[in-house]
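The values are calculated or read from the model by the stated rules, or taken from the named source; none is laboratory data. Source: prediction; values computed, not measured. Note: ideal-geometry Cβ built from the backbone for every residue, glycine included; neighbour counts use all protein chains shown.
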């Protein structure tokens, strides 16, 4: 029988950490947060039951990526599990292994799963072996441009040029024709090894569906805000979708949206109401 989780460390920051904190508060799990020096006044530090400085002397990003210091805090706080959220260490197999070796539950995939699915070429081969349909694609591209052009011609344009390992969408390019291939490959070489896959419609690659509305004009409805295709603007999209609209679209017959009451506890404040002059 698995050990119950009574103490949870959130290895993330900001809105991501607060969402996990809220979810953990419902079943009564005690929460532990970590924060970089620059986040010492951040909400997620004070929202948790306990909080610890991580990566002292490091830059903010390096602090949250410091596996040894995160595990030190996990041992010091005596947590049963670690939730990485997304980003930072969430897709790091070494972090999952460190949790396993420390006897702490890693809330996420096993290290071997991360290694296979993190490499897009290996993940595609695994899908093929399981009989899952995939778009036509290549393995890692050769360094020789002429060979890459031959491979691209066999697949047919348009193509998507993408980092085969990691990348977070940074190495992704849409190649419309053979004329653009050389320039785009050179521009994406700073990313991990590249691969190409047959591209589908641009709206699908961008991860959204376009809707027309008489009162709102053109709207975008993201169907996968975690896709690397919109990784650069997902936060902006989430925030824009979270704001209630003043009126409903006249083409809709549903009742207006009423935002639910926030489950987050109200933090204590030392401010006093302003005195009225009247």
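When 78, 87, 156, 108 are screened for being over 24 Å from the mean Cα position of the chain (by Cα) and not assigned by TED's automatic domain parsing to the domain that holds residue 176, only 78 passes.
Among the residues that make up segment 38-59, is at least one of them closer than 30 Å to residue 165 by Cα, over 18 Å from the mean Cα position of the chain (by Cα) and either in the same structural domain as residue 165 (by TED's automatic domain parsing) or in contact (Cβ under 8 Å) with a residue 60 or more places away in the chain (or both)? Among the residues of segment 38-59, not one is closer than 30 Å to residue 165 by Cα, over 18 Å from the mean Cα position of the chain (by Cα) and either in the same structural domain as residue 165 (by TED's automatic domain parsing) or in contact (Cβ under 8 Å) with a residue 60 or more places away in the chain (or both), which makes the answer no. Residue 139: on the phi > 0 side of the Ramachandran plot and either outside the structural domain of residue 179 (by TED's automatic domain parsing) or touching a strand residue (DSSP E or B) at 6+ places or on another chain (Cβ under 8 Å) (or both), yes or no? In short, no. Pairs are defined by a Cβ separation below 9 Å, a sequence spacing of at least 6 or placement on different chains, a first member in segment 14-30 that is at positive phi, and a second member that is in a helix (DSSP H, G or I) and surrounded by 15 or more Cβ atoms within 10 Å (Cβ to Cβ); the pairs so defined are 14/39; 14/43; 14/44. If the condition is being within 16 Å of residue 8 (Cα to Cα) and surrounded by 14 or more Cβ atoms within 10 Å (Cβ to Cβ), then segment 36-52 contributes 44, 45, 47, 48, 49, 50, 51, 52. Of the helices (runs of 4 or more DSSP H) lying entirely inside segment 98-187, the ones with 1 or more residues being at pLDDT 85 or above and over 30 Å from residue 72 (Cβ atoms) are found at 120-129, 145-155.
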